[in-house]
Amino acid sequence: MKINLNADLGESFGAYSIGHDRQLLQIVASANVACGFHGGDPMVMTQTVELARDAGVSLGAHPSFPDLQGFGRREMHIPPRELESMIVYQIGALDGIARANGSRVTHVKPHGALNNMACADAGMAEVVVRAVKACDPGMILLAPALSRLASAGEAAGLAVALEVFADRAYTDSGQLVPRSQPGAVLHDAADAVAHVIRMMEQRGIVTINGRVLATEFHSICVHGDNAHAVETAGLIRTGLETMGCGIVPLPEFF
């Protein structure tokens, strides 16, 4: 059995250092690289691309709302055509840097509030899908399992990799528990590992109330901007490999 581990990386910018990119790139198989709107800048993007290339990790664009101050986690209501252009702009920026450094972008994963809103709103999901398809219809859309974003990608003919989160709790509807609510984020590495193992064994999302929502998934996300990211990712990889899983880049699924 094969599975993908991914992390959101390249989120430092200017004088601000965020995350543990170098260490995580030795553990995960795919990187979602910030494109400047919630984190990242041209130099950080270049450095992250180089590190991912050298580690044999597949590259993804991680576009966001234009919300550097809020780390892309605040909801915004942007006209569809403008939002589509913003997403294309970000994908194109990373892909240009990747190609200049002997690599290429093979998937797209929206960040933060953009991702959450597209998972729940069919119209916004279609905007994201149009942007990805306009850039390259061969790109993989990395989208949360059981989401409208995943459904929109499949309907448009994109290759869709379904994702679950190692360190986030789920509601009984399959959505992420809002960060403002208690228990939304699993801060302890052991809790995150147990959560992943339960989902693998139950073959679906296990909600905060213990309900199992049956679904296939291809990828597990470990967030790279918390204090225990490296420990958590390493323990999850070890746990998966103990179960007999091979950790592979996203393009190996398609």
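Restricting to segment 136-151, give me the number of residues that are open to solvent by 50 Å² or more (accessible area, probe 1.4 Å) and closer than 17 Å to Asp95 by Cβ. If you could, list the steps in order and put the result at the bottom.
Our first condition is that a residue be open to solvent by 50 Å² or more (accessible area, probe 1.4 Å); within segment 136-151, this holds for 137-138, 146, 148, 151.
If we keep only those that are closer than 17 Å to Asp95 by Cβ too, we end up with 137-138.
Number satisfying all stated conditions: 2.
Cβ-Cβ contacts under 9 Å between residues 6 or more apart (or on different chains), taken from a first residue in segment 176-191 that is touching a residue at least 60 places away in the same chain (Cβ under 8 Å) to a second residue that is open to solvent by less than 60 Å² (accessible area, probe 1.4 Å) and of a type in the set (A, V, I, L, M, F, W, C), are listed as Leu176/Cys119; Leu176/Phe165; Leu176/Ala169; Leu176/Ala184; Arg179/Val185.
Among the conditions (1) modelled with pLDDT of 95 or more; (2) over 26 Å from Pro251 (Cβ atoms); (3) open to solvent by 70 Å² or more (accessible area, probe 1.4 Å), Arg179 misses just one, which is (1). Looking across segment 185-207, the residues that are assigned to a loop (DSSP other than H, G, I, E, B) and either out of contact with any strand residue (DSSP E or B) (no Cβ under 8 Å at 6 or more places or on another chain) or of a type in the set (Asp, Glu) (or both) come down to His187, Asp188.
From the list Gly239, Gly246, Gly157, the one residue that fits, being small (Gly, Ala, Ser) and open to solvent by 50 Å² or more (accessible area, probe 1.4 Å), is Gly157. Cβ-Cβ distances below 6 Å connect no pair with a first residue in segment 192-207 that is polar (S, T, N, Q), a second residue that is surrounded by fewer than 16 Cβ atoms within 10 Å (Cβ to Cβ) and in a helix (DSSP H, G or I), and a separation of six or more residues or different chains.
One line per residue, one yes/no per condition, for (1) open to solvent by less than 50 Å² (accessible area, probe 1.4 Å); (2) within 19 Å of Cys245 (Cβ to Cβ); (3) free of Cβ contacts under 8 Å to residues at least 40 places away in the same chain:
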| position | (1), (2), (3) |
| --- | --- |
| Ser17 | no, no, yes |
| His20 | no, no, no |
| Phe37 | yes, no, no |
| Thr48 | yes, no, yes |
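Among the residues of segment 46-78, those that are assigned to a loop (DSSP other than H, G, I, E, B) and among the β-branched types (Val, Ile, Thr) comprise Val57, Ile78.
Is there a residue in segment 149-158 that is part of a strand (DSSP E or B) and at pLDDT 95 or above? Full working, then the answer.
Restricting attention to segment 149-158, the residues satisfying the condition of being part of a strand (DSSP E or B) are none.
For segment 149-158, residues part of a strand (DSSP E or B) and at pLDDT 95 or above: absent.
Condition first: more than 16 Å from Phe165 (Cβ to Cβ) and within 13 Å of the chain's Cα centre (by Cα). Now tell me which residues in segment 107-148 satisfy that.
If the condition is that a residue be more than 16 Å from Phe165 (Cβ to Cβ) and within 13 Å of the chain's Cα centre (by Cα), then His107, Val108, Ile140, Leu141 are the ones that fit.
When residues in segment 93-110 are screened for being of a type in the set (D, E, K, R), in a loop (DSSP other than H, G, I, E, B) and either within 14 Å of Pro42 (Cα to Cα) or open to solvent by 20 Å² or more (accessible area, probe 1.4 Å) (or both), 1 of them pass. Evaluated against (1) in contact with a strand residue (DSSP E or B) (Cβ under 6 Å, 6 or more places away or on another chain); (2) under 18 Å from Val33 (Cα atoms); (3) surrounded by fewer than 16 Cβ atoms within 10 Å (Cβ to Cβ), Glu163 falls short on exactly one condition, (3). Figure legend. Inter-residue proximity from segment 107-119: first residues of a type in the set (Lys, Arg), second residues assigned to a helix (DSSP H, G or I), beta-carbon distance below 9 Å, spacing 6+ or different chains. Indicated pairs: Lys109/Asn115.
Results for (1) surrounded by 16 or more Cβ atoms within 10 Å (Cβ to Cβ); (2) assigned to a loop (DSSP other than H, G, I, E, B), shown as yes or no for each residue.
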site	(1), (2)
Ser173	no, yes
Gly183	no, yes
Asn209	no, yes
Phe217	yes, yes
Ile220	yes, no
Gly234	yes, no
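The values are calculated or read from the model by the stated rules, or taken from the named source; none is laboratory data. Small disclaimer: the values here were computed from a predicted structure and weren't measured. Heads up, the Cβs are rebuilt from the backbone with ideal geometry, glycines too, and the neighbour counts pull from every protein chain shown. Note: areas computed on protein heavy atoms with side chains; ligands, DNA, RNA excluded. Shrake-Rupley method; radii C 1.70, N 1.55, O 1.52, S 1.80 Å.
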